[in-house]
Amino acid sequence: MATKELILETLLKNKGKYISGEELSKDLNVSRMAINKAIQGLKQQGYTIKSVTNKGYLLENEPDVLNKLALAAELSKERVENIEVLESIDSTNIYAKNLAQNGVNNKYVVISNEQTKGKGRLGRTFVSPKNKGIYLSIIVKPNRDISNLTSITAFSSVAVCKAIENVYNIKTNIKWVNDVYINGKKVCGILTEASIEGETGKVDYLVIGIGINVNESTNEFPEEIKDIATSLKIQTGKEMKRNILCVELIKQLDTMIDNLDKNDEYFTGYKDRCNTIGKEVEINTFTEKKLGFVKALNEDFSLTIEYPNGLIEKLSSGEVSIKNIK
Ligand code: BTN
């Protein structure tokens, strides 16, 4: 690590405390002049660092840039070794799929500050402006057979809800199957992609891609999604440092992946938040659109739908739109 990064690491680990130039110079084995130069460099990058004679340096504020050092201040060393933070990438899902094919660990995480070709479901684009949202993909290498991919995506939406609720203290909802909503507007989308062994049908790996709108203002969303999308800043009035939410999200995803057998727990977490049960919906099965009533959510995260002609059917994939909810 360069001197600048080593200093930042120390300041981040000692938030709220002054660290003397002498201490830094001794610990990092560099001259006081080099320390001074690195501090100036950090200030230019947007860090607010107070320097007081006889006390040292105090980190007062950080720019809202996702970076590994900020994550390292809150997560274990082993965890951080399996995280990659990028400035910009076409899509973290594409990048993570390449890594997964090349043998990285279960739970390896890729995060980017920007995506130039963020992928949404059904071939849509996921708008991913620079330094506004969290664009994260986590690789899952299940050590057991996963027959129901809907479940794991549903589990992920619960993990996202818990992370948002813990950090912002706000209620979230889930629109079937995996969109996270606040006050009737979408704040997060999830795209799970799987690599399946052709011969056995066994899941080789999964990439769960999560896009959360964090610090966007209404006028920063493109016209076509302005009515549908919202951000955590719009909903809470709080501009949160994305690293804080990212840490909590990674913790919740780790817990989820370690507990893939706890269907009951995640089912309850999902059902309690699901805004789709008991609603009239329009169903898009990709071959047709039809109206129906959602009678129940089943334990495999499918919906029981009653159609106007009285026919009752299980819906395991597709998209639903709810009246009055964008
Ligand atoms: C949707 O709402 O249609 C799903 C959106 C999924 C977006 C995330 S952002 C991180 C990951 N990388 C991508 O290209 N897509 C997912």
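Could you please find all residues in region 279-326 being more than 25 Å from residue 229 (Cβ to Cβ) and small (Gly, Ala, Ser)?
Within region 279-326, 292, 296, 302, 310, 316 qualify.
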Sort through 128, 88, 51 and tell me the only one that's within 17 Å of the chain's Cα centre (by Cα) and exposed (fewer than 14 other Cβ atoms within 10 Å of the Cβ).
-> 88
Within region 56-67, how many residues are touching a Ser or Thr at 6+ places or on another chain (Cβ under 7 Å) and either closer than 14 Å to residue 4 by Cβ or surrounded by fewer than 17 Cβ atoms within 10 Å (Cβ to Cβ) (or both)?
-> 3
If we keep just the residues of region 1-31 that are among the basic types (Lys, Arg) and surrounded by fewer than 12 Cβ atoms within 10 Å (Cβ to Cβ), which is nearest to residue 68 (Cα to Cα)?
-> 15
Which of (1) more than 14 Å from the ligand (Cβ to nearest atom); (2) part of a strand (DSSP E or B); (3) not assigned by TED's automatic domain parsing to the domain that holds residue 9 is the odd one out, the single condition residue 110 does not satisfy?
-> (1)
Could you tell me which residue of region 182-203 is nearest to the ligand (Cβ to nearest atom), considering only residues that are touching a residue at least 24 places away in the same chain (Cβ under 8 Å) and within 20 Å of residue 106 (Cα to Cα)?
-> 191
Would you be able to say whether some residue in region 245-260 is exposed (fewer than 14 other Cβ atoms within 10 Å of the Cβ), away from the ligand (no atom under 16 Å from the Cβ) and in contact (Cβ under 8 Å) with a residue 40 or more places away in the chain?
-> yes
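The values are calculated or read from the model by the stated rules, or taken from the named source; none is laboratory data. Keep in mind that this is a model prediction, so the values were computed, not measured. We place every Cβ from the backbone using ideal geometry, glycine too, and count neighbours over all the protein chains shown.
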